[in-house]
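Report on the following structure.
The values are calculated or read from the model by the stated rules, or taken from the named source; none is laboratory data. Bear in mind the structure is a predicted one, so any value in this text is a computation, not a measurement. No Cβ is skipped: glycine too gets one built from the backbone with ideal geometry, and neighbour counts run over all protein chains shown.
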Amino acid sequence: MVAKLEYHAPIDIIGDWLQFRATRNAGAAFGMGQGLTIVLTVIATAVVVVILRLARKLNSLPWAIALGLLLGGAFGNLTDRIFRAPSVFQGHVVDFIAPKHFAIFNLADSAIVVGGCLIVLLSFLGLQPDGTREGDDDGDEAAEDEPAAEAHPAGATAAGESPAGTGTAVERDGGPVSAGATKAVVEPARTEPARPAKRAGDDHAVESGPDAGHTRIS
C-alpha cells in the first residue's frame with residue numbers, strides 16, 4: 001500500500017470527496033499530538049497490555065467487539081511506531097484515507113474511534129465485560145436473603161431454645177441445655193388423691209346460731 005501511494009498521485013475513490021493519499025504522521029489519530037511520538041507509543045503499549053489482561057474475563061460479545069477494535073487499532077499503530085522510520089519507538093504512522101475537508105487517517109484510527117465509542121455506549125447501558133448488568137448483583141443478594149428470612153421467621157424458636165432475649169433454655173426429653181443458660185425443668189401436673197366415699201348413716205348436721213362452726217354427729 002505504501003509503495004503504491006507514497007510519492008504518487010492520489011487515487012480517487014469517490015471523486016475528490018474521498019481519496020487514497022499516503023502521508024506520514026508523527027502524532028496521534030487524525031494528525032493530533034505532533035511531537036509526542038514516544039508518549040503515544042507508551043500509551044499504545046499500555047492499552048494493548050490492559051486489553052489482553054481484561055480479555056480473560058470477557059463474557060460479552062459486544063464488549064469483545066469493542067475491545068477487539070480498540071486492540072487492533074492500538075496494535076496497528078504501535079507496529080508503525082516501532083518498525084517505521086525514523087527510529088524505534090519514534091516511527092511515523094502511515095495515514096492514507098483522505099476525505100474532503102477532513103483530516104487524513106488510517107484504518108487503525110477508525111478502529112480506535114469506533115471501539116472507544118462502543119465502550120462508552122456499553123458503559124452507559126450498564127453492560128459489564130463479564131456479561132452482567134449493573135444492579136444484577138443487588139437483585140441476586142436480595143433473592144438469596146428471601147429464602148433465609150422464610151426459613152427463620154421472626155419470633156420462631158427451635159426445639160430446646162428459649163425465645164429471643166430470655167436467656168433460658170427448656171430441657172426436653174433429657175436433652176442438653178446450652179452452657180450458661182438457666183434450666184427450666186418441665187414437671188408433670190400433680191393430681192390430688194381420691195376422697196373416700198361417704199358411708200351410709202354418717203350424717204353430719206351443721207348447726208346455726210351460737211354454735212355455728214361446730215359439727216354435731218348424730
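Can you find, within the range 78-117, the residue that is nearest to Ala26 (Cα to Cα) among those that are at pLDDT below 90 and among the polar types (S, T, N, Q)?
Gln90
Among the residues of the range 21-66, write down those that are in contact (Cβ under 8 Å) with a residue 60 or more places away in the chain, within 17 Å of Cys117 (Cβ to Cβ) and either part of a helix (DSSP H, G or I) or touching a Lys or Arg at 6+ places or on another chain (Cβ under 6 Å) (or both).
Listed by number, the residues that qualify are Ala29, Phe30, Pro62, Trp63.
Where the second residue is not hydrophobic (A, V, I, L, M, F, W, C) and the first is more than 21 Å from His92 (Cα to Cα) and lies in the range 2-14, which pairs have Cβ atoms under 6 Å and are six or more apart or on separate chains?
Correct list of pairs: Asp12/Gln19.
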